[in-house]
Structures are given as structure tokens and as C-alpha cells.
Amino acid sequence: MEREAVLVGIDVGTSKVCALIGEVARDGSLTIVGKGVVPASGLKKAVVVNIDQTVRSITGAVDHSERLSGYQIDRAFVGVGGQNVESQNSRGAVAVSGHQREVTREDINRALEVARAVSIPSNREVLHVLPRGFIVDGQEGVKDPLGMSAIRLEIETHIVTAAATAVRNLAKCVQASNVKIDELVAASLASAEAVLSETERDLGVAVADIGAGTIDLALFLDGSPFKTAVLPVGGNNVTNDVAIGLKTSLQVAEELKVQHGSCDLSTVDPDEMISVSMLGEPGGRTVSRLDVCRIIEARMRETFEMLRAEIHAAGEGLLPAGVVLTGGAAQLGGIAALGREVLDMPVRVAGPSGVGGLTDNIMNPAYSTAIGLLYWGAKGLEAGDNQRFESAPAGGIPSKVRDALRSLFP
Ligand SMILES: Nc1ncnc2c1ncn2[C@@H]1O[C@H](COP(=O)(O)OP(=O)(O)OP(=O)(O)O)[C@@H](O)[C@H]1O
Ligand SMILES: [Mg+2]
């Protein structure tokens with residue numbers, strides 16, 4: 001395998017920080033050569049609330065991955081989550097310049113600038129300006145207008161923004177860990193890279209990354225995202241409900257949920273009892289598994305109803321390929337069945353796949369964002385074209401990517 005580049009992804013989640021080092025081969029295949037996962041502290045619903053603790057978590061994850069790989073991390077693609085992530089779609093039109101009247105990269109970039117010039121409040125930071133497609137002299141659905149004869153070029157873009165202060169605090173923590181930022185990537189878009197097929201994206205699909213504190217959501221149509229959002233609920237809410245309902249500690253509730261939890265009540269034997277240690281009751285007691293699962297099902301039903309409202313707000317019938325669930329909490333028993341019932345669309349659970357190397361314990365849905373960040377970076381290497389204009393203003397290899405190519409020193 002000829003190595004083309006070494007990339008780093010850092011997912012700073014509510015429950016864990018994960019740093020992955022990946023080698024990208026010329027054929028685009030990805031090999032994990034370093035990984036570090038440490039429990040996160042200092043974040044609330046994916047937003048930094050304590051700088052020192054977050055820096056310590058990031059440093060811990062980075063150190064682990066460096067030691068495993070022998071590389072020293074200089075820069076990384078970093079995932080951004082949290083309720084403050086939002087999106088809007090914007091169009092930009094320009095007259096095609098030059099006496100040939102052929103669309104050049106320059107025209108595309110000017111159109112992109114116009115689209116990007118929509119008023120975005122000063123308290124928000126633009127994470128992505130992603131081209132969705134072009135309209136050339138009124139002709140919609142053009143994917144690549146470069147070289148086409150035309151008078152008027154219009155671009156449709158998807159703009160993802162986040163609260164500027166939240167982004168600045170996250171960036172501060174990464175930089176304080178001695179890591180420069182290649183690019184800040186919305187967590188949902190990173191997860192999408194890891195779990196969605198091209199066919200699904202073309203048809204219309206949503207990815208919902210259900211983490212500990214949040215759901216990172218992205219809706220795709222015609223191959224590109226058209227809505228990106230975050231819902232402020234996740235697996236922690238389920239654990240909290242179980243702890244309160246059974247008057248037990250969060251730790252015990254978490255164990256119960258992971259080992260015995262299901263949100264498909266039709267599969268739970270009403271006579272099954274499980275033993276639990278209760279607060280203030282030495283020796284514990286037994287509870288009905290169905291009672292536990294009822295608590296879990298109620299919270300997850302409500303969560304899917306929120307998801308349904310968010311999806312419907314974007315438009316009816318846009319997602320024939322349904323919803324792909326990922327994130328650690330997507331491993332909950334019976335989740336796809338409940339999802340199908342409430343959302344009334346196809347639902348599947350997926351984790352990352354198709355990578356080699358040090359994959360032990362990370363080929364599960366909790367690592368979709370981290371692995372997706374590497375895919376995102378790898379896509380940028382082969383681009384310099386349609387995918388990522390924002391980082392390729394003058395054509396050729398984007399400087400960011402050029403930097404990434406020499407981002408690491410073995
Ligand atoms: N086997 C399992 N069954 C059910 N839930 C699980 C299982 N394993 C992990 N979880 C839940 O997954 C959640 C953690 O998921 P994940 O690691 O994706 O979160 P995160 O990325 O740290 O958080 P966020 O994305 O919200 O910032 C926890 O709530 C945990 O209880
Ligand atoms: Mg996450």
C-alpha cells in the first residue's frame with residue numbers, strides 16, 4: 001500500500017474524547033494506525049463548559065494515539081456538536097465572465113461568495129458552505145458546470161453555522177492541547193461519511209447520531225446535505241430516567257440500560273426479573289425487566305417524536321431511504337423497531353465499516369463521528385474540486401489539504 005497522507009480526527013463528545021490517526025492510501029482506503037479514547041469531562045451536551053478538564057481529556061486521547069502509532073500529532077480534523085449547530089440554504093448568482101462565456105473556477109468561486117454573503121449574525125461562526133448544485137442559464141440540477149457555455153451561473157449552497165463562542169472555546173481547547181485545526185466539521189456530517197451509502201444520499205436519507213448528550217442530525221437529498229441540526233437529548237436522558245425511576249445511581253442505571261434495556265416492549269418477557277443494587281439498600285433487590293424497559297421506551301418514544309418533528313419541518317416525503325441511526329446510544333436494544341414505528345419510515349442502525357488497522361473496539365456506532373472525520377479529511381485530499389470549494393479558492397490542491405499532507409512527522 002502506498003501511503004498518500006496521514007490524517008487525524010478528534011471527536012470531542014459529551015461522554016468521551018476520541019483521537020484517531022489514519023493513513024490514507026492512494027486508492028482512498030483508510031488504515032487506523034493510532035487511537036486514543038478517554039472519558040470526557042468538561043462538556044455538557046457537547047459544549048465545552050470547563051476548559052481545563054476538556055484540555056486534559058483531549059491531551060489524554062492525543063497522547064494515547066501518538067504512543068500507539070509512533071506519530072506526533074500536529075493538526076487534526078475536529079468534530080463540532082452541540083445544540084447551537086444550525087443550517088440554512090442560500091443561493092448565489094453571477095454573470096459568467098470572460099469573452100468565451102465558459103464557466104471557470106473563478107466564476108464558481110464568485111457565485112459561492114455571493115451565496116455565502118447572506119446575513120449571518122455576528123454571534124455565529126460559519127462551519128461549512130457546501131455546494132449542493134448549480135443552475136446554469138435556468139437549467140437546474142447541474143452537478144459540475146465547469147467548462148459549460150453559459151451566461152448566468154447560479155449556485156445552491158448549504159451553510160452550517162454554530163455559536164461563535166462555543167466554537168471558539170472548543171478551538172481553544174484543541175489548540176491548548178498543542179493541536180492545530182485542519183477543519184472544524186459538524187459532527188453529523190462526519191458521521192454521515194462513515195455510515196451513509198451514496199445511493200441513500202442520492203435518494204434522500206437522514207443520519208441521526210445519538211450520543212450521550214445530543215443527537216447530531218443531517219438530512220441529505222440529491223447527494224448533499226440540506227439540513228443540519230442538533231437535538232439536545234441523548235443516551236444520558238435515558239439513563240437519568242432509569243436512575244430516577246428505580247431510585248438507583250447513574251452508574252447502576254447505565255449498566256441496567258446497556259445490559260438489559262430495550263425499547264421494543266413486545267420482545268420483553270413480563271415475568272423476567274433482574275437484580276439491581278439500590279441506593280441505601282444493601283444487598284439490593286430485584287425489579288421487573290419490563291418496568292425498566294417501559295421507562296426506556298417512553299423516553300426513546302419521545303425522542304423519536306422530536307426527531308420526527310424536525311424531519312417533517314424540513315418537508316414531507318423527502319427521505320425515501322429513511323433514517324440511519326448511529327452514535328453510542330443507537331446500540332440500545334429494539335431501537336430500530338421503535339424508530340420505524342414512530343417515524344413511519346425505514347430505519348437501520350449502522351456503525352463505521354471498511355477501514356483497516358487498529359479497529360478493535362472502535363467499529364461500533366459510538367465511533368462513527370471519529371472515523372467519519374478521517375473520511376472527511378480523505379475526501380478533501382481527492383477533491384480540490386466540486387466537493388469543497390470553500391477550502392479551494394484558487395483551484396488546485398487546497399492549501400489546507402497541502403498542509404495536511406505534511407501534517408505529521410513520523
Ligand atoms: N450497548 C449500549 N446500549 C445502549 N446504550 C449504549 C450502549 N453503549 C453505549 N450507550 C450509550 O451511548 C451514549 C454514548 O454515546 P457516544 O459515545 O456516541 O456519545 P458522545 O459522542 O460522547 O456524546 P455526544 O455525541 O452527545 O456529544 C451513552 O449515553 C451510553 O449510555
Ligand atoms: Mg458524539
Discussion item. Please return the ranges of strands (runs of 3 or more DSSP E) entirely within the range 72-153 where 2 or more residues are closer than 30 Å to Lys44 by Cα.
Written reply: 75-80, 86-95, 124-136
Worksheet item: Is it true that Ile32 is at pLDDT 95 or above, outside any helix (DSSP H, G or I) and buried (at least 24 other Cβ atoms within 10 Å of the Cβ)?
Response: yes
Practice prompt. Among residues belonging to the range 1-22 that are more than 14 Å from ligand 2 (Cβ to nearest atom) and open to solvent by 30 Å² or more (accessible area, probe 1.4 Å), point out the one that is modelled with the lowest pLDDT.
Written response: Met1
Worksheet item: Which residues, taken from the range 307-357, are modelled with pLDDT of 95 or more, more than 21 Å from the chain's Cα centre (by Cα), among the small types (Gly, Ala, Ser) and more than 25 Å from Leu373 (Cα to Cα)?
Response: Gly333, Gly334, Ala337
Worksheet item: What pairs can you find where one residue is in the range 182-197 and polar (S, T, N, Q) and open to solvent by 10 Å² or more (accessible area, probe 1.4 Å), the other is in a strand (DSSP E or B) and at pLDDT below 95, and their Cβ atoms are less than 7 Å apart, with a gap of 6+ or different chains?
Response: none
Worksheet item: For the range 323-360, how many residues meet the condition of being over 30 Å from Val24 (Cβ atoms), crowded, with 18+ Cβ neighbours inside 10 Å and not aliphatic (A, V, I, L, M)?
Response: 3
Discussion item. Could you check the range 238-283 and list, in sequence order, the residues that are among the small types (Gly, Ala, Ser), under 22 Å from Ile215 (Cβ atoms) and either open to solvent by 80 Å² or more (accessible area, probe 1.4 Å) or away from ligand 1 (no atom under 16 Å from the Cβ) (or both)?
Written reply: none
Worksheet item: For the range 165-195, what are the residues that are out of contact with any helix residue (DSSP H, G or I) (no Cβ under 7 Å at 6 or more places or on another chain), part of a helix (DSSP H, G or I) and more than 30 Å from Val323 (Cβ to Cβ)?
Response: Thr165, Arg168, Ala171, Gln175
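The values are calculated or read from the model by the stated rules, or taken from the named source; none is laboratory data. A quick note: this is a predicted structure, and the numbers were derived from the prediction, not measured. Every residue, glycine as well, gets a Cβ built from its backbone with ideal geometry; the counts of neighbours run over all protein chains shown. All accessible areas refer to the heavy atoms of the entire protein, side chains included, with ligands and DNA or RNA removed. Shrake-Rupley method; radii C 1.70, N 1.55, O 1.52, S 1.80 Å.
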